[in-house]
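**Student:** Below you'll find the structure I mean.
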Amino acid sequence: MLAALRDGQRAVAEVQGLLRGEVSLGAGATASSVTLPPLLAAFRRAYPGVRVRQREGNSDVLRTRLARGDIDLALLTDLGDDAGGEPWGEDELVLVGAPGLTDGPVVTFAEGSAVRQLLERAWPDVSVAMELGSIEAVRAHAVAGVGPALLSAQTVAGEVARGELVVIQREGFPIARKLVLEHRGVERLAPAAAALRALLIDF
């Protein structure tokens, strides 16, 4: 009920033409770091009066925020749990390690993160060396030779090209991660949120 009230208040406040307004978006670490910045920049150029708020988190946290009405849209990994959402695209996850270090305990994210869940599904008896909170930290430890890591191919392209990391060939990898755009219904989106959804869907 509170979420519906906030939606209504914002819809009334946003004037025709989206001269002002606010939209909040949740996403995981990879999307927040790589995929979304140019899209949100394009949205800002198109609607300079609209304030965009972004929240980074794992899927469970973002779905809770979405249900409460704290965020309007969430770009999440489809883990096959029938959570719904509009298909949005795919992201390739690759297992990488420093040259000469292609096995052993891995460096990864905390339990509950989408990448961690996909890693454990593809490698059930995986041994975890470290649990870290950011792409930058996981990548840095992998480059340093602490252990292999599962990361988006987009986030390690430079390190692979420079020879700092190599892609590890192992059964079950790479992983094609499906992404979905979730919300509480198109008809419930305020104008600014509807405009951002349209930009994301058209991407």
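**Student:** Please get the size of the charge dipole for the range 90-177, origin at its Cα centre, with Cβ charges of +1 on Lys and Arg and -1 on Asp and Glu, quoted in debye to the nearest 20.
**Tutor:** Values: 6 positive and 12 negative charges, 19 e Å.
It works out to roughly 80 debye.
**Student:** So, in nm, how far is label residue 20 from label residue 128 when the simple model puts each one 7 Å beyond its Cα toward the Cβ?
**Tutor:** 4.6 nm
**Student:** Around residue 88, which amide H atoms from residues at least 5 apart in sequence, or from another chain, sit under 5 Å from its own amide H, with H modelled in the peptide plane?
**Tutor:** 179, 180, 181
**Student:** Also: Round to the nearest 10 and give me the degree value, 0 to 90, for the angle of helix 191-202's Cα axis relative to the longest principal axis of the chain.
**Tutor:** 40 degrees
**Student:** Something else: With θ set to phi - 60° and the Karplus curve 6.51 cos²θ - 1.76 cosθ + 1.60, what are the ³J(HN,Hα) couplings of the range 128-143 in order, to the nearest whole Hz, using x for Gly and Pro?
**Tutor:** Karplus values, whole Hz, x for Gly and Pro: 9, 8, 9, 10, 10, x, 8, 4, 4, 5, 4, 5, 4, 5, 5, 4.
**Student:** Let me ask you something else. Of 99, 89, 193, which is farthest along the charge dipole of the chain in the positive direction, counting Lys and Arg as +1 and Asp and Glu as -1 at C-beta?
**Tutor:** Value computed over the given set: 193.
**Student:** On each of the three principal axes of the Cα atoms of the range 16-119, give max minus min coordinate, whole Å, ordered largest first.
**Tutor:** Projected onto the principal axes, the Cα atoms of the range 16-119 cover 58, 30, 21 Å.
**Student:** Residue by residue through the range 47-61, which ³J(HN,Hα) values in whole Hz follow from phi under the Karplus form 6.51 cos²θ - 1.76 cosθ + 1.60 (θ = phi - 60°), with glycine and proline marked x?
**Tutor:** So the J values, rounded to whole Hz, are 10, x, x, 8, 8, 10, 10, 10, 10, 9, x, 7, 4, 4, 5.
**Student:** Hey, what did the chain get for relative contact order, percent, Cα under 8 Å, at least 6 apart? Please list the in-between numbers first.
**Tutor:** Numbers: 355 pairs, mean separation 59.6, N = 203.
Reported relative contact order: 29 percent.
**Student:** Given a Förster distance of 35 angstrom, what is the FRET efficiency for residue 140 paired with residue 188, based on the Cβ-Cβ distance and rounded to 0.05? Walk me through the numbers on the way to the answer.
**Tutor:** Working: r = 41 Å, r/R0 = 1.17.
In this case the efficiency is close to 0.30.
**Student:** For the Cα atoms of the chain, what angle does the longest principal axis make with the long axis of helix 36-46, in degrees from 0 to 90, nearest 10?
**Tutor:** It is inclined by approximately 20 degrees.
**Student:** For residue 20, what residues show an amide H to amide H distance below 5 Å, using hydrogens built from the backbone and excluding near sequence neighbours?
**Tutor:** 15
**Student:** Enumerate the amide H contacts of residue 168 below 5 Å, restricted to partners 5 or more residues apart or on another chain; note that Pro and chain-start residues carry no placed amide H.
**Tutor:** 95, 96, 97
**Student:** Rounded, prolate or oblate for the chain? Axes are the square roots of the Cα gyration tensor eigenvalues, ordered a ≥ b ≥ c, and the cut-off for rounded is a/c under 1.5.
**Tutor:** Working: a/c = 2.77, a/b = 2.08, b/c = 1.33.
Prolate shape, in that a/c is at least 1.5 and a/b is the bigger ratio.
**Student:** Looking at the range 90-129, which GluC sites (Glu not before Pro) are in a loop (DSSP not H, G, I, E or B) and have at most 16 other Cβ atoms within 10 Å? Intermediate values should be presented prior to the final figure.
**Tutor:** Numbers: sites: 90, 92, 111, 120; in loops: 111.
Those satisfying the criteria are 111.
**Student:** Binned at 5 Å from 0, what are the whole-percent values of the Cα-Cα distance distribution for the range 90-177, short to long?
**Tutor:** Calculated P(r), rounded to whole percents: 3, 17, 30, 30, 17, 3, 0.
Only the coordinates and a few stated rules stand behind these numbers; no lab work does. Please read all numbers here as calculations on a predicted model, not as lab measurements. Here the Cβ is made from the backbone with ideal geometry for all residues, glycine too, and neighbour counts use every protein chain on show.
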